[in-house]
């Protein structure tokens, strides 16, 4: 029996050993389209992603749904999950939580970690199903144990606040750490909070600052605010009003309630040279974060 070559590999080979034409990208797309039209589920899913994200083609949610559905109906787990997302967000189809739930469930049953996470979110929020913390916990755990950072962070929240499970600070820290080490900004700031308060771990301001900084550099606004407060109070770092002002000012640009007031409180105890330095630092930080975001979006 001949083994099937995955569609993505076929396209990669075409790109690598193409005919030397200037429109190689068109060749790739044509090859993928032919495979999809022949019923290749992987190619159908890949086409759906291209249309959903506007990769190499004009962004078109309706066409994305068309191809996701074809692949999903063949049992492709990723396509089932993507189709669930389209229904959950009302992209290319009328918004429908019940339909989203159905497709998430199909993909989750096949072990797709992202679908398991999404199914957990539906139960946690009561979307398409009655709200059920225990069921949410079940699906977050399945995804978290596969290494899904989003699910790990949410599982940490469940233990942190006792949702669907008895409150357990040590377990919350365990799952926050797993997600934080994968770069999840929400988990990083939550882990920082646990260290700042000594919950589930020995109280440690230096560790708190470490995790706040990691999240803050990703543009996480509460982390930016928290880091500024740590500088203002000299907790885990040398007291530095200029740096405190800079981070709180960056957070205040979001317009979140209370950030501007906190910035102005720091401003009142600063000297003119400190204010000048703080403003300069804020500009540097803001530019650095924007460049990082652009680099991530370009990947």
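One table, with the values for the structure above:
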{"item": "Meets criteria (modelled with pLDDT of 95 or more, assigned to a helix (DSSP H, G or I), surrounded by 15 or more Cβ atoms within 10 Å (Cβ to Cβ) and more than 16 Å from the chain's Cα centre (by Cα)) for residue 155", "result": "no"}
{"item": "All positions within the range 81-94 that are farther than 17 Å from residue 51 by Cβ and either buried (at least 18 other Cβ atoms within 10 Å of the Cβ) or touching a helix residue (DSSP H, G or I) at 6+ places or on another chain (Cβ under 7 Å) (or both)", "result": "88"}
{"item": "Verdict on residue 100 being surrounded by 23 or more Cβ atoms within 10 Å (Cβ to Cβ), part of a helix (DSSP H, G or I) and either over 18 Å from the mean Cα position of the chain (by Cα) or free of Cβ contacts under 8 Å to residues at least 24 places away in the same chain (or both)", "result": "yes"}
{"item": "Residue 293 vs. criteria in contact with a helix residue (DSSP H, G or I) (Cβ under 6 Å, 6 or more places away or on another chain), surrounded by fewer than 18 Cβ atoms within 10 Å (Cβ to Cβ) and on the phi < 0 side of the Ramachandran plot", "result": "no"}
{"item": "Helices (runs of 4 or more DSSP H) (entirely within the range 180-275) containing at least 2 residues that are in contact (Cβ under 8 Å) with a residue 24 or more places away in the chain, in contact with a helix residue (DSSP H, G or I) (Cβ under 6 Å, 6 or more places away or on another chain) and farther than 25 Å from residue 290 by Cα", "result": "185-197"}
{"item": "Close pairs from the range 34-51: first free of Cβ contacts under 8 Å to residues at least 24 places away in the same chain, partner in a helix (DSSP H, G or I), Cβ under 7 Å, at least 6 apart", "result": "47/32; 47/33; 47/36; 47/67; 51/63; 51/64; 51/67"}
{"item": "Candidates 62, 25, filtered to the one that is at pLDDT 95 or above and out of contact with any helix residue (DSSP H, G or I) (no Cβ under 7 Å at 6 or more places or on another chain)", "result": "62"}
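Conditions tested, residue by residue: (1) within 18 Å of residue 248 (Cβ to Cβ); (2) buried (at least 20 other Cβ atoms within 10 Å of the Cβ).
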site	(1), (2)
203	no, no
212	yes, yes
216	yes, yes
221	yes, no
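The values are calculated or read from the model by the stated rules, or taken from the named source; none is laboratory data. Because the structure is predicted, anything quoted here is derived from the model rather than measured. Ideal geometry is used to build each Cβ from the backbone, glycine not excepted, and the neighbour counts take in all protein chains shown.
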